[in-house]
Amino acid sequence: VLARLQVYATLRADEDTRNQGYMAMQQEVQKLGVDYGAATAYLRPEVGMAALVVNLGSNDALRGLSLDELEKNLTKIIEQARAARPDAPIFLVQLETFPNMGPEYTGAYREVFPRVAKATGATLLPFPLAEVALTPSLNQGDGVHPNAAGVEKMADSMWPHLEPALRALAERGKP
């Protein structure tokens, strides 16, 4: 099941941003020297996604994307995944933003994720960096991104929330 866990992500929020989003994503993928068609194959509903974990939004906050747009994007991603695989469990990861964004923005940002989870029926997962973010030994030199030990800690914090649904899929014989 874990090998088949797919992340169904798209930058499409609406018709107006579709081409811009795909063009930007294609440019970033091409910079890495990866074939764009192969890199985005997981976006296709026919891939057979068994479960979805959406862990997006932090860079949007840093780029100054409006919270309305963030909410619309997350909702659209989940709706598209639900349309492709109605029976697949969908998880939305709670994210936090940096306090320097101001208490009003930080609080409003925090509220987006439970609201989207409730509106879409996704299961909200706790903030995975809760035990990592302020621990220097668990982060890279930039103090923001987790190192290998930090990633392990993140996985350990998320696994108890994912395991029951993924085991149930395995027991039912889903991909």
Query raised in the report: For segment 89-102, how many residues are closer than 13 Å to Ile77 by Cβ and more than 9 Å from the chain's Cα centre (by Cα)?
Result: 1
Report summary line: Out of (1) surrounded by fewer than 16 Cβ atoms within 10 Å (Cβ to Cβ); (2) over 18 Å from the mean Cα position of the chain (by Cα), the one Pro126 does not meet is (2)
**Report entry** Only listed residue being at pLDDT below 65, of a type outside the set (Asp, Glu), farther than 24 Å from Met158 by Cβ and assigned to a loop (DSSP other than H, G, I, E, B), chosen from Gly21, Gly33
**Finding:** Gly33
Query raised in the report: Taking the condition exposed (fewer than 12 other Cβ atoms within 10 Å of the Cβ) and either charged (D, E, K, R) or part of a loop (DSSP other than H, G, I, E, B) (or both), does Arg167 pass?
Result: yes
Report task. Output yes when any residue across segment 133-151 is among the β-branched types (Val, Ile, Thr) and buried (at least 16 other Cβ atoms within 10 Å of the Cβ), and no when none is. Result -> no
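I'm checking my understanding of the structure. Among residues of segment 69-119 that are aromatic (Phe, Trp, Tyr) and either touching a helix residue (DSSP H, G or I) at 6+ places or on another chain (Cβ under 6 Å) or modelled with pLDDT of 90 or more (or both), which one is farthest from Met158 (Cα to Cα)?
This residue is Tyr105.
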Report summary line: Counting only residues that are closer than 30 Å to Arg172 by Cα and either aromatic (Phe, Trp, Tyr) or open to solvent by 40 Å² or more (accessible area, probe 1.4 Å) (or both), segment 53-100 contains a total of 10
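The values are calculated or read from the model by the stated rules, or taken from the named source; none is laboratory data. Please read these numbers as outputs of a predicted model, since none were measured by experiment. Ideal geometry is used to build each Cβ from the backbone, glycine not excepted, and the neighbour counts take in all protein chains shown. All accessible areas refer to the heavy atoms of the entire protein, side chains included, with ligands and DNA or RNA removed. Shrake-Rupley method; radii C 1.70, N 1.55, O 1.52, S 1.80 Å.
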